[in-house]
1. Which of the residues spanning region 62-95 are part of a strand (DSSP E or B) and either without any contact (Cβ under 8 Å) to a residue 24 or more places away in the chain or touching a Phe, Trp or Tyr at 6+ places or on another chain (Cβ under 6 Å) (or both)?
2. For Ala46, state whether it is of a type in the set (Gly, Ala, Ser) and either in contact with a strand residue (DSSP E or B) (Cβ under 6 Å, 6 or more places away or on another chain) or within 14 Å of Ile7 (Cβ to Cβ) (or both).
3. For region 266-290, which residues satisfy the criterion of being closer than 18 Å to Phe202 by Cβ and out of contact with any helix residue (DSSP H, G or I) (no Cβ under 9 Å at 6 or more places or on another chain)?
4. Within the group Ile115, Ile26, Ile78, Ile43, which residue is of a type outside the set (D, E, K, R) and in contact with a helix residue (DSSP H, G or I) (Cβ under 6 Å, 6 or more places away or on another chain)?
5. Among the candidates Ser73, Ser44, Ser29, single out the residue that is at pLDDT below 90 and among the polar types (S, T, N, Q).
6. Across region 101-160, which residue is farthest from Ala4 (Cα to Cα) among those that are touching a Phe, Trp or Tyr at 6+ places or on another chain (Cβ under 8 Å) and free of Cβ contacts under 8 Å to residues at least 12 places away in the same chain?
7. Look at Asp25 and say whether it is without any contact (Cβ under 8 Å) to a residue 24 or more places away in the chain and among the acidic types (Asp, Glu).
8. Inside region 34-72, can you point out the residues that are among the charged types (D, E, K, R) and crowded, with 18+ Cβ neighbours inside 10 Å?
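The values are calculated or read from the model by the stated rules, or taken from the named source; none is laboratory data. In this text, all values refer to a predicted model and were calculated from it rather than measured experimentally. Because the Cβ atoms are built from the backbone with ideal geometry, glycine has one as well, and the counts that use them run over all protein chains shown.
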Amino acid sequence: MGKALLIIMAKWHGFGRCKTRLSKDIGKSNSAKVQSVMTKHTISVAKFLQENNLIDITIAISGLGLGNCRRWSRELGIKKFNLQGKGCLGEKMKRQIVINKKFCTRHKIKNIIFIGTDLPDLCHQDLLNTLKELQQNDLILGPSNDGGYWLIGLSEKIISKDKLSGLQKFTYKLIVNNISQIDYVKSFHNGSYKDIGHAERFIGVGIGFKEVHLRNLTYFAHLDTVEEGAPDLDVGVKIFTGLNVSQDLPIPVVIRFDYSGKVPGAKERAIKDCERVNNAISIRYKNLVDQGLLHTCSTIRDRDNIHSAQIIGMSLDKKTEEAH
């Protein structure tokens, strides 16, 4: 098993300077104590592996000057330390890779593992598993509940990013930018955006919608039959139950099938596909339909033509006829 450098991204547990969200509930003094305890726990787990010559440890510190960082590092029993420096988390991590390159080369260390200190459940087995996985994989991610990562393991290929190409290079940039975005949200939006996480306006069902980009405006369930796409459609209905039904607003579903006007009978088949899926939706979500909390609009479009999609039927038309 190859030896790795474990970089611990740590923040000084100063009064009122850490765990600011937690401090609102338990106070600044207690939140600082929590930060201190978790940091010491992380260090303790890391030292177990270091004593078995599986890793070397360096601690990247924020919140202190150089002299105080040296003293704190000495108190923690960590010989090697660096300042995190300025910038978002992604930039700080890149900086640590650059700073430690010579150290890794000199000590024949091929892999780097990043962790933070907010890890009360961390155990040595977590790091052992990462070391094993890095023998077969170039990138190891430990996803956390807040959308970020509690651990990132990088192989020699990823560390030497100049050698990357294709998907590896894309993945490297994706991770760095993703970390930077998460760090931005935590820093400037108190951990999360104010919205509830979904801004979709309707559910798109069927095969189509290729001529426009509707990201964040539609929840799309690609399916030929409701049966095969039921899980995706159920998720969409669940989302809109929170967005619309909870406010006594109906769920709008647009059914869409494209066809080629050059193929005889293709338009008729597209219309039948719309009708078939529409009937299946009405049966599957009968309770919502009967309450007027789910409406459908069936559309077709000739993919060989520049014209817009054609509406062939809406459940609201039926409601209007019934009212008359």
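1. As a first pass, look at region 62-95 and keep what is part of a strand (DSSP E or B): 62, 80-83.
Within region 62-95, Phe81, Leu83 qualify.
2. So Ala46 fits the description; yes.
3. Cys274
4. Values: Ile115 fails: in contact with a helix residue (DSSP H, G or I) (Cβ under 6 Å, 6 or more places away or on another chain); Ile26 fails: in contact with a helix residue (DSSP H, G or I) (Cβ under 6 Å, 6 or more places away or on another chain); Ile78 fails: in contact with a helix residue (DSSP H, G or I) (Cβ under 6 Å, 6 or more places away or on another chain).
Checking each option against the conditions leaves just Ile43.
5. On the way: Ser73 fails: at pLDDT below 90; Ser44 fails: at pLDDT below 90.
The match here is Ser29.
6. That would be Ser144.
7. Working: without any contact (Cβ under 8 Å) to a residue 24 or more places away in the chain: yes; among the acidic types (Asp, Glu): yes.
For Asp25, the condition - without any contact (Cβ under 8 Å) to a residue 24 or more places away in the chain and among the acidic types (Asp, Glu) - is met.
8. So the first thing to find is which residues in region 34-72 are among the charged types (D, E, K, R), and the list is 40, 47, 51, 56, 70-71.
Result: Asp56, single match.
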